[in-house]
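Below is one structure; the comments refer to it alone.
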Amino acid sequence: MSERDPKSSQDLTAVVQTLLQQMQDKFQTMSDQIIGRIDEMSTRIDDLEKNISDIMTQAGVEDLEEEIKVTETSGTA
């Protein structure tokens, strides 16, 4: 029985190492996917901010804000 213990111990060690490697690989894959999604979300937010800015410019909102600031600072409001 003492002959089987070292071999079963080695087998167990190999199984555990394989399992840990598989877990590490899955974790790395998930981590990469999360980072990719964050990058995609960042790009979408940048596009959204640009679109909102363009819409505000087209609507003349920025011009109105500047006129209000000028009026407030000149005291003619």
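Coordinate-derived values only; no laboratory data. Everything quoted here is computed from the prediction, not taken from an experiment. Backbone-built Cβ (ideal geometry, glycine too); neighbour counts: all protein chains shown.
For the pair residue 44 and residue 19, the difference between a 0.36 nm per residue extended length and the Cα-Cα distance amounts to 5.3 nm. Computed extension gain for residue 57 through residue 12, at 0.36 nm per residue and net of the alpha carbon distance, reaches 9.5 nm. Under the simplified labelling scheme, the residue 69-residue 30 pair shows an inter-label distance of 4.7 nm, with each label point 7 Å from Cα along Cα→Cβ.
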